[in-house]
Amino acid sequence: MQLPDKIPGLRLLTVILGGYFALWISLEGDLAQTVILAVGSCVLAAAHLIQRYGRGRVLSHWFWLTGITLTGLLVGFSTVFVTLAYMALKTGLHAHGPEFTPTEITWVWSQLPLWTIIGTLTSLGLASLLLGMKGSR
């Protein structure tokens, strides 16, 4: 599996996420919007790191599947902490009291195992799909 020099659409998605962040910061606290922002931030950060350090490299099938699966595990795991950081940021910027309830904060923290598993399995599935598509060409 050879990694591309540039991931198609990465710059556009980064600009879109930046616009979403600007919109998100101005709105009242909503957990779903915050989770979407955190997931997008973690996925795009991983994609930028892969593009920066992997461009043009040829990887064995095993290394490709293992590397992308571990990346997905880290994305899922870190999404909880990024969500909590965004929640704290939003509460700190809006000086009218907490934006999120203790129940919402507890819920996000309790999602750590689930989101880690989802990130792992999603990335393994996507890595397998991309490997299959490259093999059929």
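Readers should treat all values here as calculations from the given coordinates under stated rules, not as data from a laboratory. Everything numeric here is computed off the predicted structure, so don't read it as measured data. Using ideal geometry, Cβ is built from the backbone for each residue, glycine included, and neighbour counts are taken over all protein chains shown.
Numerical summary
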{"item": "Kyte-Doolittle mean at least 0.5, axial Cα span of 30 Å or more - DSSP H helices of the chain", "result": "31-54, 61-93, 112-135"}
{"item": "Fully extended contour minus Cα-Cα distance, from L23 to A88, at 0.36 nm per residue", "result": "21.7 nm"}
{"item": "The stretch 47-99: trypsin sites (Lys or Arg not before Pro) in DSSP coil with no more than 14 other Cβ atoms inside 10 Å", "result": "R55, R57"}
{"item": "Sorted by Cβ density within 10 Å, fewest first, the residues T122, T106", "result": "T106, T122"}
{"item": "Potential lengthening between F81 and W107 on full extension [0.36 nm per residue; Cα-Cα distance subtracted]", "result": "8.1 nm"}
{"item": "Taking H61, H96 and counting other C-beta atoms within 10 Å, the order from fewest to most", "result": "H96, H61"}
{"item": "Cβ charges +1 (Lys, Arg) and -1 (Asp, Glu), total dipole of the stretch 10-135, debye", "result": "720 debye"}
{"item": "Residues F77, F63, F100, sorted so that the one with the fewest Cβ neighbours within 10 Å comes first", "result": "F63, F77, F100"}
{"item": "Which of A127, P98, M1, positive extreme of dipole for the chain (C-beta unit charges)", "result": "M1"}
{"item": "Theoretical FRET efficiency, 1/(1+(r/R0)^6), r = Cβ-Cβ of I117 and H96, R0 41 Å, to 0.05", "result": "0.65"}
{"item": "Whole-number D in µm² s⁻¹ for the stretch 10-135, Kirkwood Cα-pair radius fed into Stokes-Einstein, 10 °C, 1.306 mPa s", "result": "100 µm²/s"}
